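Working notes for the structure below.
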Amino acid sequence: MTDLSALTARQLLAGYEKGEFTPVDATRAALARIEAAEPLVNAFVRVVAHQALAQAEASAERWREKEPQGLVDGVPVSVKDLLLMRGGPTLRGSRTVRPAARWDEDAPSVARLREHGAVFLGKTTTPEFGWKGVTDSPLSGATGNPYDPARTAGGSSGGSAAAVAYGAGPLSLGTDGGGSVRIPASFCGIFGLKPTYGRVPLYPSSPFGTLAHVGPMTRDAADAALLMDVISGPDWRDWSQLAPGGSMTAALDGGVKGLRVAYSASFGGQVAVRPDVAAAVRAAVERLAGLGAYVEEADPDFADPVEAFHTLWFSGAARLVQHFGARQRELLDPGLREISARGARYSALDYLAAVDARMDLGRRMGR
């Protein structure tokens with residue numbers, strides 16, 4: 001029998017259309033994986049099984065009537081617990097957030113998924129306010145890697161990456177400021193993308209400013225394109241959103257022939273890369289060349305910009321906790337408390353100098 005928890009979103013949709021199985025079957029399979037894996041991995045802060053099954057039943061009825069609601073009707077999805085999802089609290093990995101507040105609004109990306117008939121399994125773990133590249137928090141503890149729970153899933157979207165990797169739905173929403181989709185995607189062996197800023201509307205805006213983006217976390221690139229086609233829909237709450245682009249799913253049909261690809265093995269020797277990793281990346285580059293892309297080895301002309309990043313990121317952390325009282329600050333992850341204190345010491349001129357460094361970096365990358 002087919003293990004529905006191992007299928008991609010596109011495979012599930014094809015099965016629904018053919019009547020081979022239903023969204024209820026897929027949702028039950030995802031929930032069974034959660035029940036089996038969660039004691040070891042801790043990828044979810046909240047699972048809404050009854051709601052998910054009710055949504056799956058409604059989707060199954062639409063498929064029986066051959067009237068699916070949207071592009072991902074009946075596909076089980078999860079949402080990082082930094083993004084609003086109505087019906088329950090968004091705790092952001094923090095003991096400073098009041099669960100009893102009103103939670104009656106979806107983030108734009110969540111709203112688009114709901115409009116397209118997705119089945120919501122629950123909210124995934126995050127470090128406190130998504131501040132670091134591993135997933136542990138004072139509120140929910142540590143998230144393990146599905147391949148070895150004693151190791152980290154990465155962060156800050158580690159819960160979403162682990163959920164997709166162990167079969168709790170093929171689609172998840174993550175956020176990325178300094179690698180928070182890409183790090184856990186690589187650690188857990190899934191596909192992650194940090195889209196161009198503004199491509200996916202965001203609300204409420206992040207205290208980390210334009211560093212923070214919403215991105216897809218999926219099993220493969222085709223599912224990521226499908227998810228992007230859904231969550232890139234416009235939302236009036238984000239004035240900085242980009243004008244709608246073309247379908248990413250349709251663009252996949254064009255392949256890579258004729259595309260120009262710059263490949264850097266180690267940023268000009270600035271980064272130590274393990275031989276097995278270097279070999280795997282080079283094999284992928286050779287595959288691109290074999291498919292018709294123009295590949296050129298090129299080392300970017302810049303030094304490590306981490307100090308500028310720290311200025312921007314730590315300033316965001318300071319803004320995040322600006323109105324916290326002493327009692328709330330005591331509840332914070334000690335590392336977050338430390339960087340927010342450092343961020344509060346930067347001036348506006350320091351911040352703008354870091355913005356200038358970022359703009360120059362973008363120019364160098366563009367060249």
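Here are some notes:
- Sum of side-chain charges, residue 353 neighbourhood, beta-carbon under 13 Å (Lys, Arg +1; Asp, Glu -1): -3
- Other residues lying with their Cβ under 13 Å from the Cβ of residue 50 contribute a combined charge of +1, Lys and Arg counting +1, Asp and Glu -1.
- In this simple spin-label approximation, residue 349 and residue 331 carry label points 7 Å from Cα along the Cα→Cβ vector, and these lie 3.8 nm apart.
- Ascending count of other beta-carbon atoms within 10 Å, so fewest first, for 27, 249: 249, 27
- Spread over its residues, the convex hull of the C-alpha atoms of the stretch 208-367 is 190 Å³ per residue.
- Here the Karplus curve 6.51 cos²θ - 1.76 cosθ + 1.60, taken at θ = phi - 60°, turns the phi angles of the stretch 12-24 into couplings of 4, 4, 5, x, 4, 5, 7, x, 6, 7, 10, x, 5 Hz, with x standing for Gly and Pro.
- Building the convex hull from the alpha-carbon atoms of the stretch 244-338 and averaging its projection over directions returns 10.9 nm².
- Residue 134 paired with residue 296, simple spin-label distance in nm, labels 7 Å along Cα-to-beta-carbon: 4.1 nm
- Most to least packed among 283-293, 9-19, 71-81 [average Cβ atoms within 10 Å]: 71-81, 9-19, 283-293
- Farthest toward positive dipole pole in the chain [+1 Lys/Arg, -1 Asp/Glu at C-beta], among 266, 89, 278: 89
- Enclosing the Cα atoms of the chain in their convex hull gives a volume equal to 157 cubic angstrom per residue.
- Peptides ranked, highest mean first, by Cβ atoms within 10 Å: ranges 344-356, 311-323, 265-277: 311-323, 344-356, 265-277
- Length added when fully stretched, residue 289-residue 239, from 0.36 nm per residue minus Cα-Cα: 14.1 nm
- Cβ-Cβ FRET estimate between residue 66 and residue 278, R0 fixed at 56 Å, reported to 0.05: 0.65
- About its Cα centre, the chain has a charge dipole of approximately 660 debye under the convention of +1 per Lys or Arg Cβ and -1 per Asp or Glu Cβ, with nothing else charged.
Only the coordinates and a few stated rules stand behind these numbers; no lab work does. What you are looking at is a predicted structure, and each value in this text was computed from that prediction instead of being measured. Counting neighbours? That spans all protein chains shown, and the Cβs are built from the backbone with ideal geometry, glycine included.
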